[in-house]
Structures are given as structure tokens and as C-alpha cells.
Amino acid sequence: IEGFIENNTKETETETVPAIRIAKSYIMKNYQQDITLDTISTIVNLSSVYFSILFKKEVGINFLDYLNRYRIEIAKEMLKDLKNNINDVAARSGFQDSRYFSKKFKQQMGITPSEYRKRTIKYS
């Protein structure tokens, strides 16, 4: 996660489009909250349609995919701690629904959160 956040932070610091820099910074600070395209477009003072097009052009993926990828990177670290159950990880990483979290996690990682946990944790 440190590498992802570090790369993301570097990108954010050098971002040439202020609206994208502000959006990424907002996500980093508020990923646990309910964040929508409308929320961000209001913050950066652009229409949601224009912001969506601009975000995809500048970042290479759409806003919601970016947000979900960021949250999954956070969740991957949380899954390494056995004290965190999957539902808690989903909620604490910003997903409102644990089934949606599991679906998005599997789409991005190719395995379920439970499988990820089993593969990354070494039991003593």
C-alpha cells in the first residue's frame, strides 16, 4: 500500500490539471466516506459530465474505477491483519456493501478477499 500511495501522491503533486489533483487528494483523505462523481465534481467546480471526461483523459481510467482501485489497495493491507474480518475491511475501506467489495476485489485481483488473505498471511 505504501508504494501505491507514494506513487499516487507523487502523481498528485505533479498533476498539471488542478481539478484532477484536488480529486485525487480528496480521495486519499476521504476514501472511507461515500464519494460520488457528483460530490467530486462539485468540489472541483465542474459539471459531472465534464469532470468525468477530463478524469478519464488525464488518469486513463474512469473516476469510479480509480476510486475502487484505491480502496482495494487500502483493503489489501487491512486483510493482512487477522483481527479484521472481511465485512469490517469492506466498510473501513469505503465500500458500503461487502458483496460489492468482494466482487470488485475479485475483478481487480483475480481472487476473493478470503483467498487473498490466505495467500498473503503466513500462519505460525
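The values are calculated or read from the model by the stated rules, or taken from the named source; none is laboratory data. None of these values were measured; they are calculated from a predicted model. For neighbour counting, all protein chains shown are included, and Cβ atoms are generated from backbone atoms with ideal geometry for every residue, glycine included. What goes into the accessible areas is simple: the full protein's heavy atoms, side chains included, and nothing from ligands, DNA or RNA. Shrake-Rupley method; radii C 1.70, N 1.55, O 1.52, S 1.80 Å.
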**Fill in**
Within the range 75-100, the residues that are touching a Lys or Arg at 6+ places or on another chain (Cβ under 9 Å), touching a residue at least 40 places away in the same chain (Cβ under 8 Å) and buried (at least 19 other Cβ atoms within 10 Å of the Cβ) are Leu79, Ser93, Gly94
**Prompt:** Restricted to the range 18-64, and to residues that are among the aliphatic types (A, V, I, L, M), closer than 22 Å to Gln96 by Cα and touching a residue at least 24 places away in the same chain (Cβ under 8 Å), which residue is most open to solvent (accessible area, probe 1.4 Å)?
**Reply:** Leu64
